[in-house]
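Participant: Below: one structure in structure tokens.
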Amino acid sequence: MQANIMVEDSEGLFEKSWAMFLIQKANANDLDPFIVYELIKIETGETFDPELVGPPTEYGHAYGLSQFMENTAPWIADMADLPYEKELLFEPTYSIQLAVVYLDFLYSEYENWDEALTAYHRGIGGLKQYQEQNGHAKSWYAIEIQQKAENNRSLVFAN
């Protein structure tokens, strides 16, 4: 059911095999699969393009479905007991696995989705800066992911 909702929501761009893998990995880490899915949706600009290369930043580009930077991906791969090669960032299941491990790490660190998601989006240093400027971690990114995940969870219960 969850996989079908993801595939339908993406108009078929997010493949069912990816959705099933995402659900399996998210559930194994006690994460809401829809949080991970909505993060990927935003990160790819709703294209779900596994070969996406993000725009240049001062830290380089972000790559793949989960848009990992080359300075972040190696230590997350290590945390996940996965090998690291830049080319693997374009592999959907690898990218999903990194996203799940990183979100699990961030949620364990902050114990709330506002901080965890804002840290994913802006980096851990960027989260601190955002909080200093705004007095909270309720970024548009964190709010949108949580609201859309909740909407998708409601669809599961409605069916």
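Participant: Calculate one ³J(HN,Hα) per residue across the stretch 48-58 by plugging θ = phi - 60° into the Karplus curve 6.51 cos²θ - 1.76 cosθ + 1.60, and present them in order as whole Hz with x for glycine and proline.
Facilitator: Values per residue, Gly and Pro as x: 6, 7, x, 9, 5, 10, x, x, x, 10, 5 Hz.
Participant: Given a 10 angstrom Cα cut-off, can you work out which residue in GLN133, GLN147, GLN24 is the most mobile in a GNM of the chain?
Facilitator: Between GLN133, GLN147, GLN24, it is GLN133 that shows the largest mean-square fluctuation.
Participant: Anyone know which of GLN129, GLN67, GLN146 comes out most mobile in the 10 Å Cα GNM of the chain?
Facilitator: Greatest mean-square fluctuation among the candidates belongs to GLN129.
Participant: I've got another one for you. Name the long-range amide H neighbours of GLN67: under 5 Å, sequence gap of 5 or more, or other chain; modelled H, no Pro or chain starts.
Facilitator: HN-HN under 5 Å from GLN67: empty list.
Participant: Any idea of VAL53's accessible area? Nearest 10 Å², probe 1.4 Å.
Facilitator: Surface accessible to solvent at VAL53 totals approximately 70 Å².
Participant: With a ≥ b ≥ c the root eigenvalues of the C-alpha gyration tensor of the stretch 66-159, is it rounded (a/c under 1.5), prolate (a/b larger than b/c) or oblate?
Facilitator: Numbers: a/c = 2.24, a/b = 1.18, b/c = 1.89.
Oblate.
Participant: Under a GNM of the chain (C-alpha, springs under 10 Å), which listed residue has the highest mean-square fluctuation: ALA116, ALA19, ALA28?
Facilitator: Sorting by GNM fluctuation, first place goes to ALA28.
Participant: Could I ask something else about it? Among the chymotrypsin sites (Phe, Trp or Tyr not before Pro) in the stretch 68-159, which ones are in a DSSP loop with at most 15 other Cβ atoms within 10 Å of the Cβ? Mind listing them? Walk me through the numbers on the way to the answer.
Facilitator: Details: sites: PHE68, TRP75, TYR84, PHE90, TYR94, TYR102, PHE105, TYR107, TYR110, TRP113, TYR120, TYR130, TRP140, TYR141, PHE157; in loops: TYR84.
Counting only loop positions with at most 15 other Cβ atoms within 10 Å, none of the chymotrypsin sites (Phe, Trp or Tyr not before Pro) in the stretch 68-159 qualifies.
Participant: May I ask you to rank SER108, SER95 by accessible area, largest first, using a 1.4 Å probe over the protein chains only? All intermediate terms of the calculation are to be shown ahead of the outcome.
Facilitator: On the way: SER108 75, SER95 0 Å².
Greatest to least solvent exposure: SER108, SER95.
Participant: Using a basic spin-label model with each label point 7 Å from the Cα along Cα→Cβ, how many nm lie between LYS16 and ALA28?
Facilitator: About 2.2 nm separates the two model spin labels.
Participant: Another question, if that's okay. Starting from the Cα of LYS25, draw a straight line to each of the lysines and keep only those under 23 Å, dropping any in the same chain fewer than 8 residues away.
Facilitator: Cross-link targets: LYS16, LYS41, LYS86, LYS148.
Participant: Using amide H atoms built in the peptide plane, which far-off residues or other-chain residues are under 5 Å from ALA62 H to H?
Facilitator: It is GLY54, by chain and number.
Participant: Another question, then. Along the charge dipole of the chain, which of TYR59, ASN152, PHE34 sits closest to the positive end, that is, farthest toward it, with unit charges on the beta carbon of Lys, Arg, Asp and Glu (+1, +1, -1, -1)?
Facilitator: ASN152
Participant: Could you state how much accessible area ASP81 has, in square angstrom rounded to the nearest 10, with a 1.4 Å probe and all protein chains kept in place?
Facilitator: Counting only protein heavy atoms, the figure is 140 Å².
Participant: Let me ask another. Given the -39500 (n - 2.57) contribution per DSSP H run of 4+ residues, what per-residue ellipticity at 222 nm results for the chain, rounded to the nearest 500 deg cm²/dmol? Please list the in-between numbers first.
Facilitator: On the way: 8 runs with 98 residues, N = 159.
One gets -19000 deg cm²/dmol as the mean residue ellipticity at 222 nm.
Participant: Now, a different point. Over the chain, what is the relative contact order in percent, taking alpha-carbon pairs closer than 8 angstrom and at least six residues apart? Write out the running numbers ahead of the final one.
Facilitator: Working: 198 pairs, mean separation 32.1, N = 159.
Normalised by residue count, the contact order of the chain is 20 percent.
Participant: Can you compute 3J(HN,Hα) from phi for each residue in the stretch 62-79, using the Karplus curve 6.51 cos²θ - 1.76 cosθ + 1.60 with θ = phi - 60°, rounded to whole Hz and x for Gly and Pro?
Facilitator: 10, 10, x, 4, 9, 6, 8, 7, 5, 8, 9, 4, x, 6, 6, 4, 4, 4
Participant: Per-residue HN-Hα couplings for the stretch 106-112, Karplus 6.51 cos²θ - 1.76 cosθ + 1.60 at θ = phi - 60°, whole Hz, x for Gly and Pro?
Facilitator: Per residue, the Karplus-derived 3J(HN,Hα) values read 5, 5, 5, 5, 9, 6, 7 Hz.
Participant: Starting from the Cα gyration tensor of the stretch 30-103, take the square roots of the eigenvalues, sort them a ≥ b ≥ c, and report rounded, prolate or oblate (rounded when a/c is under 1.5, otherwise prolate if a/b is larger than b/c, else oblate).
Facilitator: On the way: a/c = 1.61, a/b = 1.03, b/c = 1.57.
Oblate shape, in that a/c is at least 1.5 and b/c is the bigger or equal ratio.
The values are calculated or read from the model by the stated rules, or taken from the named source; none is laboratory data. In this text, all values refer to a predicted model and were calculated from it rather than measured experimentally. In this analysis, Cβ positions are derived from the backbone assuming ideal geometry, glycine residues included, and neighbour counts consider all displayed protein chains. Note: accessible area is taken over every heavy atom of the protein model, side chains too, but ligands, DNA and RNA are not part of it. Shrake-Rupley method; radii C 1.70, N 1.55, O 1.52, S 1.80 Å.
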